[in-house]
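Written below as structure tokens is the structure these notes are about.
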């Protein structure tokens, strides 16, 4: 991956899902697991993304600890939060993944912003994420064909850091990587631990 970010005059920078049968959380309760379809860049690509975004985080005054490269990913569909992820839900999600064939595609993030509700600063995109959005739609259709609920709203994003400092959307020189596989993961919420339950590669 070539150098992708440039910062010509920091004056350009701004000033400082639907769950599936999830057990409702009591007020103040946080369930420990989430089931997600996600796309991870290859380790070398993730390391390069982390290296390139470091200067941008510092320039914006973000002081949170950047996510480790192995945690960088795009959540394509969130199937909900659970005290224990139901085995039948995992099996149904696997059938939905099995039914989908896809070709490798490029992801080009050309903007970045804060997601205040999640307390994260993320990479996102417009033109360069059209294929990612199409993949989200196709996987959603496959999920619905298996009786799963799949949200239709989607903002392509990759979280870089947890930081409550708000940064409005701003353009960046695109950072690009290739999506070659997608995975079904059980995320241990708040720990950065992901159990890979199934992986699907390009046809």
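The values are calculated or read from the model by the stated rules, or taken from the named source; none is laboratory data. Keep in mind the model is a prediction, meaning the values are calculated, not measured. Quick reminder, even Gly has a Cβ in these numbers, built from the backbone with ideal geometry, and neighbours come from all protein chains shown.
Being over 25 Å from residue 119 (Cα atoms) and part of a strand (DSSP E or B) is the filter here, so list the residues in the stretch 166-181 that pass it.
Across the stretch 166-181, the qualifying residues are 178, 179, 181.
Looking at 129, 191, 202, 120, which is the one that is more than 15 Å from the chain's Cα centre (by Cα) and either within 15 Å of residue 36 (Cβ to Cβ) or buried (at least 16 other Cβ atoms within 10 Å of the Cβ) (or both)? Don't jump to the end; show me each part of the working.
Numbers: 129 fails: more than 15 Å from the chain's Cα centre (by Cα); 202 fails: either within 15 Å of residue 36 (Cβ to Cβ) or buried (at least 16 other Cβ atoms within 10 Å of the Cβ) (or both); 120 fails: more than 15 Å from the chain's Cα centre (by Cα).
Checking each option against the conditions leaves just 191.
Mind listing just one residue for me: the one in the stretch 83-112 that is within 24 Å of residue 71 (Cβ to Cβ) and out of contact with any helix residue (DSSP H, G or I) (no Cβ under 8 Å at 6 or more places or on another chain) and, of those, surrounded by the most Cβ atoms within 10 Å (Cβ to Cβ)? First the steps, then the outcome.
Just the residues of the stretch 83-112 that are within 24 Å of residue 71 (Cβ to Cβ), to begin with: 83-85, 89-90, 93-94, 97, 102, 104-112.
From what's left, out of contact with any helix residue (DSSP H, G or I) (no Cβ under 8 Å at 6 or more places or on another chain): 83-85, 89-90, 94, 104, 111.
Working: 83: 11, 84: 10, 85: 22, 89: 17, 90: 16, 94: 15, 104: 12, 111: 17.
Once the filter is applied, the top-ranked residue is 85.
Limited to the stretch 153-163, what total is found for residues that are touching a strand residue (DSSP E or B) at 6+ places or on another chain (Cβ under 7 Å) and under 29 Å from residue 143 (Cβ atoms)?
So in the stretch 153-163, the residues touching a strand residue (DSSP E or B) at 6+ places or on another chain (Cβ under 7 Å) come out as 155-163.
With under 29 Å from residue 143 (Cβ atoms) added as a condition, the list becomes 155-160, 162.
Total satisfying the criteria: 7.
Here are 182, 166, 115, 135: which of them is farther than 20 Å from residue 46 by Cβ and either surrounded by 14 or more Cβ atoms within 10 Å (Cβ to Cβ) or touching a strand residue (DSSP E or B) at 6+ places or on another chain (Cβ under 9 Å) (or both)? Before you say what the answer is, go through the steps one by one.
Details: 182 fails: farther than 20 Å from residue 46 by Cβ; 115 fails: farther than 20 Å from residue 46 by Cβ; 135 fails: farther than 20 Å from residue 46 by Cβ.
Residue meeting the stated conditions: 166.
Can you tell me how many residues within the stretch 56-84 are under 25 Å from residue 172 (Cα atoms) and in a strand (DSSP E or B)? Show your work before the answer.
So in the stretch 56-84, the residues under 25 Å from residue 172 (Cα atoms) come out as 56-76.
Narrowing further to those that are in a strand (DSSP E or B): 66, 74-76.
Of the residues in the stretch 56-84, 4 are under 25 Å from residue 172 (Cα atoms) and in a strand (DSSP E or B).
Determine which member of the set 104, 112 is modelled with pLDDT of 95 or more and closer than 13 Å to residue 179 by Cβ. Break it down stepwise before answering.
Numbers: 112 fails: closer than 13 Å to residue 179 by Cβ.
Sole residue among the options that is modelled with pLDDT of 95 or more and closer than 13 Å to residue 179 by Cβ: 104.
Output the residues belonging to the stretch 55-68 that are within 12 Å of residue 161 (Cβ to Cβ), exposed (fewer than 15 other Cβ atoms within 10 Å of the Cβ) and more than 18 Å from the chain's Cα centre (by Cα). Lay out the reasoning, then the answer.
Step one: filter the stretch 55-68 for residues within 12 Å of residue 161 (Cβ to Cβ), giving 56-58, 60-68.
Restricting the remaining residues to those that are exposed (fewer than 15 other Cβ atoms within 10 Å of the Cβ) gives 58, 61, 63, 65, 68.
Across the stretch 55-68, the qualifying residues are 58, 61, 63.
Criterion first (assigned to a strand (DSSP E or B) and touching a helix residue (DSSP H, G or I) at 6+ places or on another chain (Cβ under 7 Å)) does residue 150 satisfy it?
Spelling it out, it is not the case that residue 150 is assigned to a strand (DSSP E or B) and touching a helix residue (DSSP H, G or I) at 6+ places or on another chain (Cβ under 7 Å).
Could you please give the count of residues in the stretch 64-76 that are out of contact with any helix residue (DSSP H, G or I) (no Cβ under 6 Å at 6 or more places or on another chain) and closer than 21 Å to residue 202 by Cα?
So the count comes out to 4.
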